[in-house]
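Chemist: Would you mind keeping the following structure in view while I ask a few things?
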Amino acid sequence: MDVETKLQLVKRVAEEIVTEEELRSLLETEESPLAYDGFEPSGLAHLPFGIYRPLTLRRFLQAGFRFKLLLADWFAWINDKVGGDLEKIRTVGKYLIEVWKAAGVPLDRVEIVWSSDLVRDPEYWRLVLNIAKHHTLSRSLRALTIAGRGESLHNPTAWIFYPSMQVADIFYLGVQVCQLGMDQRRANMLAREVAPKIGKPKPVAIHHHMLMGLMGRTSEEKMSKSRPETCIFVHDSKQEIERKLRRAYCPQRDPNNPIMDYIRHLVFEEFQEFRVRLRGGNWETFTHFGELEQAYRDGQIHPLDLKLACAEYLDRLIEPVRAHFERNKRAAELLGQVSSWVKGTP
């Protein structure tokens, strides 16, 4: 596959590339660059984790990337997730691996790494402290704020380590590309700032879109499993998906809404078309998102019709995951354990 084709595959899922020139150079010199993404095992899987992430990962694998998925159990422990119980957090991580497996992530081509394995190495902590020496406390606090952890003297001191550990993960794993969501942008930018100071190559930062929450009125109101009312989980039934979408924010003629967001980033990415039944009973098929967007803006599609059609496609995306947890005994046991620990279980 030529460099331009690889670059276009990455651009399909990238909301931002820092920088495109560096990425092109990397693709020209490396047959299989190493990329990573990291996740805190903190609860039940929702659309961004269980459906959107596998779709974006597929494009990177198609482009020839090698990939590491970091299960950041120590970060979840620092943040007191799942009651701050590290063993429970690791169980959540095992459950998430089952979600990836069910969603079609080729685990034979993706390496799963645990933070708890990294932190056993004294060299990891030497790297963390070296990174901390080369940026200011103010810079760490800014990175924490963007990650949803506000500045306060009453916050746990452990939070201060969070940005330096995130950056250390990048250099310790030897990744060339950080492929995380836009919400992790400042950590990746911190890695690029610190890299030359400690003699490390700058990683390319590729940030993917953050799916909107069900009640989101702007793209900054992301779907978050810590706010279950904003979420569709990968274990939701078809009826539950439809019920949630019916009450989602979706003003008539305004395409800036979560339903259109899911259609653009999930439906068209997987199915390359969107079929909707109009008020008069006729079916309309759209093969380009721009055409659908304009039709909705022109009032040709009623919000409820859009929601019901979207629910059908989301159900088709979720069905393989749901089925895996119904048929696989080990997966079902893990889901039962995690569900009993997490508030907002669907």
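The values are calculated or read from the model by the stated rules, or taken from the named source; none is laboratory data. Predicted, not measured: the structure shown is a model, and the values here were computed from it. Neighbour counts are summed over all protein chains in view; Cβ atoms, including those assigned to glycine, are modelled from backbone coordinates with ideal geometry. Accessible surface areas use protein heavy atoms only, side chains included; no ligands, DNA or RNA. Shrake-Rupley method; radii C 1.70, N 1.55, O 1.52, S 1.80 Å.
Chemist: With the crude spin-label approximation of a point 7 Å out along Cα→Cβ, what separation in nm comes out for Glu270 versus Ser340?
Modeler: Reported label-point gap for Glu270 and Ser340 is 3.0 nm.
Chemist: Separate question: Please give the length that would be gained between Lys101 and Asp85 if that part of the chain were fully extended, namely 0.36 nm times their separation in residues minus their C-alpha to C-alpha distance (nm, one decimal).
Modeler: 3.3 nm
Chemist: Can you list the residues of segment 318-333 with backbone N under 17 Å from a point 7 Å past the Cα of Lys238, pointing along Cα to Cβ?
Modeler: 318-324, 326
Chemist: Convert each backbone phi in segment 91-102 into a coupling constant with the Karplus relation 6.51 cos²θ - 1.76 cosθ + 1.60 (shift: θ = phi - 60°), then list the ³J(HN,Hα) values in order as whole Hz, x for Gly and Pro.
Modeler: Computed from phi, the couplings for segment 91-102 are 5, 4, x, 5, 4, 5, 4, 5, 5, 4, 4, 5 Hz.
Chemist: Can you classify segment 157-203 as rounded, prolate or oblate using the Cα gyration tensor, where a ≥ b ≥ c are the square roots of its eigenvalues, rounded means a/c under 1.5, and otherwise it's prolate if a/b beats b/c and oblate if not? List each step's numbers first, then the result.
Modeler: Details: a/c = 1.69, a/b = 1.21, b/c = 1.40.
Since a/c reaches 1.5 but b/c is at least a/b, the shape of segment 157-203 is classed as oblate.
Chemist: Normalized C-alpha radius of gyration of segment 235-335, against 2.2 N^0.38 Å? It would help to have the intermediate numbers written out before the result.
Modeler: Values: Rg = 15.0 Å, N = 101, 2.2 N^0.38 = 12.7 Å.
Taking the Cα Rg and dividing by 2.2 N^0.38 Å, one obtains 1.18.
Chemist: At what distance in nm do the modelled label points of Lys202 and Leu173 sit from each other, each positioned 7 Å from its Cα along Cα→Cβ?
Modeler: For the pair Lys202/Leu173, the computed spacing is 2.1 nm.
Chemist: What do you get for the angle between helix 122-133 and the principal long axis of the chain? Use alpha-carbon atoms, 0 to 90 degrees, nearest ten.
Modeler: Approximately 80 degrees, to the nearest ten.
Chemist: Net charge near Leu314: determine it from the other residues with C-beta under 11 Å of the C-beta of Leu314, scoring Lys and Arg +1 and Asp and Glu -1. Each step should come with its number before you reach the end.
Modeler: Numbers: positive: Lys238, Lys244, Lys307, Arg316; negative: Asp236, Glu240, Glu242, Glu270, Glu312, Asp315, Glu319.
Surrounding charge for Leu314 is -3.
Chemist: Taking the Cα atoms only, what angle lies between the long axis of helix 185-194 and the longest principal axis of the chain, rounded to 10 degrees?
Modeler: Its long axis makes an angle of about 30 degrees.
Chemist: Rank these by accessible area, largest first, 1.4 Å probe: Ser32, Ser115, Ser226. Intermediate values should be presented prior to the final figure.
Modeler: Numbers: Ser32 45, Ser115 5, Ser226 95 Å².
My answer, sorted largest first, is Ser226, Ser32, Ser115.
Chemist: Mind checking the angle between helix 20-29 and the chain's longest principal axis? C-alpha axes, 0 to 90 degrees, to the nearest 10.
Modeler: In the chain, helix 20-29 runs at an angle near 70 degrees to the longest axis.
Chemist: Using a 10 Å Cβ count of at most 16 others and DSSP loop calls, identify the longest part of the chain lacking such GluC sites (Glu not before Pro). Kindly include the intermediate steps, with their values, before the conclusion.
Modeler: On the way: sites that count: Glu30, Glu31, Glu151, Glu220, Glu273.
So the longest stretch without any such site is 32-150.
Chemist: Tell me, what % of the accessible area of the chain is carbon and sulfur with a 1.4 angstrom probe?
Modeler: Numbers: 7510 of 15700 Å².
About 48 percent, which is the carbon plus sulfur part of the accessible surface.
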